[in-house]
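The values are calculated or read from the model by the stated rules, or taken from the named source; none is laboratory data. None of the values given here were measured: they were computed from a predicted structure. All Cβ positions, glycine included, derive from the backbone under ideal geometry; neighbour counts span all protein chains shown.
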Amino acid sequence: MKTYRIAVIAGDGIGQEVIPAGIEVLKVAASRGAFGCDFTEFSWGSEFYLRTGRMLDDDAFQQVMAFDAIYLGAIGDPRVPDHISARELILPFRQRLRQYVNLRPMRLLPGIASPLAGRTAADIDMVCVRENSEGEYCGMGGRLHVGTPDEIAEQTGVFTRRGIERIARYAFTLARSRPRKLLASATKSNALHHAMVLWDEVVAEVAGEFPDVTFRKYHVDALAARMITHPQTLDVIVASNLFGDILTDIGSAISGSLGVGPSGNINPDRTAPSMFEPIHGSAPDIAGKGIANPIAAIWAGAMMLDHLGERSAHDAILRTIERVIGDERVRTPDLGGRATTAEMTKAVTGLLAA
C-alpha cells in the first residue's frame, strides 16, 4: 500500500483548529482507498518566532524535502508584524521549493448564497492560476533614511520570460482540460509599460500553442469588475503574484465565504514537495472559539490528494463537501449558522465514511 509522508504546519490562530479537522477527513479518505497518510507535525509559525526569534528551523527546507507534500493551516499573529510572518515562512517556502503555481479554485457551492444577487452555482466557477515565485512579491527593494523626512522605500517587481511562460503554459493547459476552455489574463500594461508589456507578449505567444482555448486579456481593474458583474463569463484566470492575490480574495468573497476557499502552491516539476492551504488567514478574532469553518482546509487536503495521484479520493471528498453544504443543516457562523468546527468536521467525515 502506498503511504504518503505529509509535513503538517498548522501554524497560527484557527490553523490549529482547521488542520486537525482536515487530517481527520484525510484519514477517512485514505481508509476508503488503497493508500495511507503519515503525518509529521512541525511547530513553525508565530509562536515559534516568539520563542526563538525566527519563523522556522534553520534547516527547515532540508527537513521538508523528505516529504511528499506540506499541509499548511494559517500564518499570522498580532504580536508578529505581517511582513515578518509572510516574508520568513510563506514566501520562502514558495520560492525555495519552486512552487511557482498558486492554484485557487473559486466556486459557489450549491447551498451557499453569493453576495451577488441572483447568482447561482452555475454562474461562479472559476480557477486562478497565480504566478507564485517572482513578480511583485520577489522581495527586492529596500529603505533609506529610515525615520527621517527624506525616507525612501523601493519595492521592485521582477518578471522573467521564463517565469511568465511557464505559468501561462500551466494555465492554458488547465483551461484546455475544462469544459468551457476559456482563459483570461490579468494585465496592467497601459501603466506598467515594462513588466506588464512583457507579460502580455509572452502570454500571447503561449496562447498560439492552444488554438482550442479562447483567450482574452483584461486590465486587472476591469477584470475585478467583471468578476462582480459578469462572473459567468470567466473560467481560468492567469495573473501575476499581486494581481492573483487580490483577484482570488474577490473570487472567494463572491463564492460566499473565505472559509470555503482552498489553494495549492504547486511545484509542477515535482522536484520538491508542494504545499496546500486554505486561503483564509489565522483569524485571531475567532481563534480558540471552535467556530472556524474547516471546509477550506478540507478542500485543500483534497487538492493535495489529487496532486499526489489520488484523484478518486479527491473527488469523493469534494462530493461530500457539496452534499454537506447543499443539505444546509450544518453551517458554521461564516455561512450563517451556528455549527462548530467539530460539528462540521463530523458531518463531513460521517458522510464520507458511509
*Out of curiosity, is Ile321 in contact with a Pro (Cβ under 9 Å, 6 or more places away or on another chain) and surrounded by 18 or more Cβ atoms within 10 Å (Cβ to Cβ)?*
no
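Taking the range 283-331 as the region of interest, how many residues are at positive phi and not acidic (Asp, Glu)? Break it down stepwise before answering.
First, pick out the residues of the range 283-331 that are at positive phi: 283, 288, 290, 309, 328.
Okay, now just the ones that are also not acidic (Asp, Glu), so 283, 288, 290, 309.
Looking only at that region, the number is 4.
From the list Ile279, Ile286, exactly one residue is in contact with a helix residue (DSSP H, G or I) (Cβ under 7 Å, 6 or more places away or on another chain) and crowded, with 18+ Cβ neighbours inside 10 Å. Which is it?
Result of the check over Ile279, Ile286: Ile279.
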*Mind listing just one residue for me: the one in the range 333-351 that is at pLDDT below 95 and in contact with a Gly (Cβ under 8 Å, 6 or more places away or on another chain) and, of those, nearest to Val18 (Cα to Cα)?*
Asp334
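Which of the residues spanning the range 204-257 are acidic (Asp, Glu), over 14 Å from Pro105 (Cα atoms) and either touching a residue at least 40 places away in the same chain (Cβ under 8 Å) or in a strand (DSSP E or B) (or both)?
Selection gives Glu205, Glu209.
Residue under question is Asp58, and the condition is that it be part of a strand (DSSP E or B) and loosely packed, with under 14 Cβ neighbours inside 10 Å; does it hold? Explain how you work it out, then say what you get.
Values: part of a strand (DSSP E or B): no; loosely packed, with under 14 Cβ neighbours inside 10 Å: yes.
No, not satisfied.
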*Can you give me the number of residues within the range 189-203 that are over 17 Å from Ala175 (Cβ atoms), touching an Asp or Glu at 6+ places or on another chain (Cβ under 8 Å) and in a helix (DSSP H, G or I)?*
0
_Return the residues of the range 9-29 that are closer than 17 Å to Asp306 by Cα and not in a helix (DSSP H, G or I); say none if nothing qualifies._
none
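Matching residues to (1) in the same structural domain as Val330 (by TED's automatic domain parsing); (2) in contact (Cβ under 8 Å) with a residue 60 or more places away in the chain; (3) of a type outside the set (Asp, Glu); (4) under 30 Å from Arg331 (Cα atoms):
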residue	(1), (2), (3), (4)
Val28	yes, yes, yes, yes
Gly33	yes, yes, yes, yes
Arg54	yes, no, yes, no
Leu72	yes, yes, yes, yes
Gly76	yes, yes, yes, yes
Phe93	yes, yes, yes, no
Tyr100	yes, yes, yes, no
